[in-house]
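Peer 1: First the structure, which I've put down as structure tokens, then a few questions once you've had a look.
The values are calculated or read from the model by the stated rules, or taken from the named source; none is laboratory data. Please read these numbers as outputs of a predicted model, since none were measured by experiment. Note: ideal-geometry Cβ built from the backbone for every residue, glycine included; neighbour counts use all protein chains shown.
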Amino acid sequence: MHHAYQKIFHLFFAFLLLLTSPQVFAGTTGTVSYAPFAAANIPTLSGMMLIILSLLLMLVAFRSAKNKNSGVNKLFISLLGVSILALGSGSVQLANTLVAAPAPELSNPNGGDADIFENRLNTYVNTSGLTQQITGVDVSGIQCDNYVGDGSNSGECATGLVVNSGVSCTVDCTAPEADLSITKIDSADPIQTGDSVTYTLTVNNIGPGIAENVVVTDELRFTLASTNGVGNSVFVNNCTIVPVSGGEDISCDLGNLTEGQEVIIEMQVISGNAGTITNTVEVSSDTVDPDQSNNTATQTTVVNAPAPTTSTVTVIKNVIGDDADPNLAFNFVTNSTSSAALPVEFYTMSANDSPRVYTGLPEGLGVRLREQNVPENYALTDINCVSSFPDSTLTPDLAQGEITFFLVAGENITCTFTNTYTAP
Ligand SMILES: [Ca+2]
Ligand SMILES: [Ca+2]
């Protein structure tokens, strides 16, 4: 199929690219801070929450002492509040004051900091032998869009998370995926041979991440007639012709595309012959694309041959009957409303003769085909005319042995005159 296209089409491509510069990120690391956890029975409260709670409890204890003078309850509530205040304050202080050497694990029993690295799933195993609590996670200086940090993600190292000995938490800084898409539309369909059609390719990064090293490939080898077909190609910006087995492709290096970034490529095609242009483009990048279904686009464009403006008339001689002589000549006369286009012609035809063909006849020409002086025992029994245009009215006059009609532009009419042999 593709070879057929190669024979049919001669294409001319011109590309226009709209690009912006790629985005660059710094490559520093972040930090997970942790500290020993002293109250495993209250695992879900953050340090600040513990302070607030302890202050409330102390307020309750104060009012209880003032209003009810209930010694036992006052003492109990006051002690509880102070103990929680101490715990909460300790947690906050540990986060601010304890600085340990960066470690890939939560290995220091006294707490510390662990590095967070870009482009990986950072996993922190608590090997300290004690229960630890995450006191802070800093990803402000690194590319880590996958990290949520609000405690809603199970297993994520979030501030306040209690990590039991031997258990791990994670900070997901894997590179985000980027869903690239490409579409291709044609400016006209169908077109005529010699016409041009402009294909518009639209590349879009749906995101969420940056698509790195985006390349658009047009498998021109399946579309073009030959290498001569791209001899006159003009490419702007980053599109180049790439020799491949079986022909040439087009490759466009678009660099990095940020989320939402769109690139328009315009491709002009000039058809050579009738048929159908089928062309496929593909977009790819170094970044993981979760949806490959929108990475290719195929467009077809029908190319019609220009409608003929002149007409053709064909006369066929047919003779039937058991004893009919296929070599017997019958007399014909053809004339028209324009002697220049179709002068009066007298001629003979037998059933063995090739059809008589008149070509290049102009639109509106009136034509008369007539069989006359029919030989004895060969009655003219049918005049059957067929037009290439179904709407044409063709009414023979069998008694007169003739048919007249006016030609429509591009019309082809074939008339068969049938004589039937009748034995004497
Ligand atoms: Ca995609
Ligand atoms: Ca189309």
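Peer 1: Please tell me if residue 309 is away from ligand 1 (no atom under 16 Å from the Cβ), within 16 Å of residue 199 (Cβ to Cβ) and over 19 Å from the mean Cα position of the chain (by Cα).
Peer 2: When the stated conditions are applied, residue 309 does not pass them.
Peer 1: Could you tell me whether any residue of segment 163-178 is crowded, with 19+ Cβ neighbours inside 10 Å, within 16 Å of ligand 1 (Cβ to nearest atom) and farther than 16 Å from residue 117 by Cβ?
Peer 2: yes
Peer 1: Would you please name the residue that is farthest from residue 376 (Cα to Cα), looking only at residues in segment 305-328 that are assigned to a strand (DSSP E or B) and aliphatic (A, V, I, L, M)?
Peer 2: It comes out as 313.
Peer 1: What do you reckon, is residue 300 closer than 28 Å to residue 177 by Cβ, surrounded by fewer than 18 Cβ atoms within 10 Å (Cβ to Cβ) and within 16 Å of ligand 2 (Cβ to nearest atom)?
Peer 2: Numbers: closer than 28 Å to residue 177 by Cβ: no; surrounded by fewer than 18 Cβ atoms within 10 Å (Cβ to Cβ): yes; within 16 Å of ligand 2 (Cβ to nearest atom): yes.
When the stated conditions are applied, residue 300 does not pass them.
Peer 1: Among 302, 288, 283, which is assigned to a loop (DSSP other than H, G, I, E, B) and more than 30 Å from residue 423 (Cα to Cα)?
Peer 2: Going through 302, 288, 283 in turn, just one is assigned to a loop (DSSP other than H, G, I, E, B) and more than 30 Å from residue 423 (Cα to Cα): 288.
Peer 1: Can you tell me which residue is modelled with the highest pLDDT among those in segment 147-158 that are under 30 Å from residue 292 (Cα atoms) and either within 16 Å of ligand 1 (Cβ to nearest atom) or buried (at least 18 other Cβ atoms within 10 Å of the Cβ) (or both)?
Peer 2: 156
Peer 1: Further question: Exactly one condition in (1) over 60 Å from the mean Cα position of the chain (by Cα); (2) crowded, with 17+ Cβ neighbours inside 10 Å is false for residue 320; which is it?
Peer 2: (2)
Residues are listed down the side, and each one gets a yes or a no for (1) within 16 Å of ligand 1 (Cβ to nearest atom); (2) at positive phi:
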{"residue": "160", "(1), (2)": "no, yes"}
{"residue": "181", "(1), (2)": "yes, no"}
{"residue": "186", "(1), (2)": "no, no"}
{"residue": "198", "(1), (2)": "no, no"}
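Peer 1: Considering only segment 122-161, how many residues are without any contact (Cβ under 8 Å) to a residue 12 or more places away in the chain and over 14 Å from residue 172 (Cβ atoms)?
Peer 2: Number of matching residues: 1.
Peer 1: Those residues that are surrounded by 13 or more Cβ atoms within 10 Å (Cβ to Cβ), in contact (Cβ under 8 Å) with a residue 40 or more places away in the chain and farther than 12 Å from residue 417 by Cβ, I need them from segment 338-363; list them, please.
Peer 2: Within segment 338-363, 358, 361, 362, 363 meet the criteria.
Peer 1: Identify all residues within segment 157-204 that are closer than 30 Å to residue 129 by Cβ and of a type in the set (A, V, I, L, M, F, W, C); write none if there are none.
Peer 2: 157, 158, 161, 162, 163, 167, 169, 171, 173, listed by residue number.
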